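Nothing in this text is a laboratory measurement; each read-out follows from the coordinates by a stated rule. Model, not experiment: these values are computed from the prediction. Glycine gets a Cβ as well: all are built from the backbone with ideal geometry, and neighbour counts include every protein chain shown.
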Amino acid sequence: MSARSATSSQRPHVRNAISVCIVCRNEADKLGPCLASVRWADEVIVLDLSSTDESAEVARRHGARVVTHDPVPVVEWARNRVAEEASGEWIFALDPDERVTDGLAAELDRLRDRTDFDAVAIPVMNFDFGYPATHPLHRYDPKPRFYRRSAIGWPTFPNALPVIPTERLLELPRTDELVIVHERNRNIVEAVDRVMRYAPAQAQAMIDAGEIFTARRMLAVLSGKIYKQFVYGRAFRDGVPGVIRAGTLVAFHFYVWAAFWHQSGARRTPADDRLLRRLDRTLESLHRVARAVLLTLLRARRSLSRLR
C-alpha cells in the first residue's frame, strides 16, 4: 500500500455540518429552552434584531454566536440574512419559541450526509395556551426548516414557505418523536400581539404584490379559513382551548384583510356594496326560515307535553 493510500484510509470522515439559525427580538424568556435543545449542532447563530431585553446575553451563555441587526417586519427576510453567516452545509431554521425533540435531533444527525434531497419537511407540533392539538393540521404541520444552504432561500412575503421540487424534498413521518415543539401562543396577550405585529405587514406585502382588495375575495378567504380551522381541524374536539385556537387564527386573517382594505385606501365601492347587500338579504331570509322552524318545533313540543 502506498503512503498516499494509507493516509487516505486513515483520514476521518468529515460530516456535513449543521448550522442552527435563529432570529430573535426581545424573547429572552423563550430562548433558553430552544438553545438547550440544539446543543448537538455544529454551529448555532442567533440574529438579534436589536433586542432591548437580555436575548443576546442568553444566547451567548448557551454558546451561540450573536449577530446584531436592526429590526425588520418580516422574519423570512431575516432568515436569509442569518443563513449568510452560517458555515454549515445544512441550515436548521428555528424560532425562539420552538425546541427540538431528542428523536428529531438524532434523525437530522442521521440524515446530514445524504445527497438525494435538498430540504426536510419537519412536523411542527403547535401548542396554544398550553395545549397541543389532536388534529394533524396543528399537531404535525410540516415545514421545510432543514435545508441545504446552497440550494434553498426564503421568499420575503410574510408567512411564505420556500418552493422546493417534490423530488428534492424529504418529509419526515408524522410522529410525536420527530417534531419541532412550537409554543405558538402561551397566552391571549401574546396571541393579540402576534396579530398586531404580523397582520399589517402581510397586508402591505399583498399591496406590494399588486393584489386588489374586493369584498368577494375577502369573504371567500375568510369562509375558507373558518371551515379549515373549525370544521376540518376539528376545533371543538379539543374543547375550549381548541375553539380559542381556531378563533384566534381566523381573527388573524380577518385583521389581515381589514388592514389590507384600510391600507388600500379604505374605499367603499358599488360592487362591494351590491355583494354585501345580497348577502344581507340572504342571511335575513335564512333568519326568518330558522325562526319559523324553531317556533314550529316549540309549538309541537308544547302540544306533545299537553298530550302526556
Sorted by chain and number, the residues with a modelled amide H under 5 Å from that of GLU171, at a separation of 5 or more or across chains, are ALA121
Segment 115-176 and segment 228-251 have their Cα centres apart by a whole-number Å value of 21
Computed ³J(HN,Hα) along segment 53-69: with the Karplus parameters 6.51/-1.76/1.60, θ = phi - 60°, integer Hz and x for glycine or proline, the list is 9, 9, 4, 5, 5, 4, 4, 5, 4, 8, x, 7, 8, 9, 10, 9, 8
Taking a straight Cα-to-Cα line shorter than 21 Å from LYS30, and setting aside same-chain lysines fewer than 8 residues away, one finds LYS143
Sorted by chain and then number, the residues having a modelled amide H within less than 5 Å of the amide H of GLU27, at least 5 places away or on another chain, are SER55
Restricting to Cα pairs under 8 Å and 6 or more apart, the percent relative contact order of the chain works out to 15
Calculated from DSSP helices alone, with each H run of at least 4 adding -39500 (n - 2.57) and the total divided by the residues of the chain, [θ]222 nm to the nearest 500 comes to -15000 deg cm²/dmol
Largest fluctuation, ALA106, ALA86, ALA290 only, Gaussian network model of the chain with Cα springs under 10 angstrom, belongs to ALA290
Along segment 214-219, Karplus-curve 3J(HN,Hα) (6.51, -1.76, 1.60; θ = phi - 60°) to the nearest Hz, with x for Gly and Pro, reads 9, 5, 4, 5, 4, 5
Connecting every pair of Cα atoms under 10 Å apart in the chain and solving the GNM, the largest mean-square fluctuation among ARG79, ARG277, ARG234 falls on ARG277
Note: segment 187-266, point scatterers on Cα, Debye, no solvent; log10 I/I(0) at q = 0.15, 0.22, 0.24 Å⁻¹ equals -0.56, -1.00, -1.10
Convex hull around the C-alpha positions of the chain: the volume in Å³ per residue is 199
Ordering 253-261, 32-40 by per-residue average of other C-beta atoms within 10 angstrom, highest first, gives 253-261, 32-40
Any residue on another chain or 5+ positions along whose placed amide H is under 5 Å from the amide H of GLU89 is listed here as ALA17
Heads up, segment 16-184 by the C-alpha gyration tensor (a ≥ b ≥ c square roots of eigenvalues; a/c under 1.5 rounded, else a/b over b/c prolate, else oblate) looks rounded
Taking the alpha-carbon centre of each part, the distance from segment 253-274 to segment 58-106 in Å is 36
